[in-house]
1. Sorting check: for 53-62, 14-23, 36-45, which peptide has the highest mean count of neighbouring beta carbons within 10 Å, and how do the rest follow?
2. Please give the calculated 222 nm ellipticity per residue for the chain, where each DSSP H segment of at least 4 residues contributes -39500 (n - 2.57) and the sum is spread over every residue; nearest 500 deg cm²/dmol?
3. Using Cβ counts within 10 Å as a stand-in for footprinting exposure, how do 63, 35 rank, fewest first?
4. In whole Å, how far is the Cα centre of segment 58-75 from that of segment 1-53?
5. Which entry in (i) 1.15; (ii) 1.11; (iii) 0.96 is this structure's computed Rg/Rh (Cα atoms, Kirkwood Rh)?
6. Using only alpha carbon pairs under 8 Å that are at least six residues apart, calculate the relative contact order of the chain and give it in whole percent.
7. Measure nothing fancy, just the Cα-based angle from helix 48-59's long axis to the longest principal axis of the chain, in degrees from 0 to 90, nearest 10.
């Protein structure tokens, strides 16, 4: 379910620019930022970059993942 919300014009323009660079819609970019912010508030000890990477990993298509095999890359 989507709901219209009012946001600051400057925030909208920042989301528009970032969304283009990250291949998201403006709404998708704002939603991504909101998820990062919520997760950061819920987990204040975690670095923002770590939270961002987790959210990105969760969104990845599972068909392209490979299983981890211990010692696989040893010489």
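1. Put in order of decreasing packing, that is 14-23, 36-45, 53-62.
2. Mean residue ellipticity at 222 nm (helix-derived): -18000 deg cm²/dmol.
3. In increasing order of surrounding Cβ atoms, one gets 63, 35.
4. The distance from the Cα centre of segment 58-75 to that of segment 1-53 comes to 28 Å.
5. (ii)
6. Here the relative contact order equals 15 percent.
7. Once rounded, one gets 80 degrees.
Rule-based calculations on the coordinates, nothing more; no lab input. The structure presented is a predicted model; accordingly, all values stated were derived computationally and were not measured. Ideal geometry is used to build each Cβ from the backbone, glycine not excepted, and the neighbour counts take in all protein chains shown.
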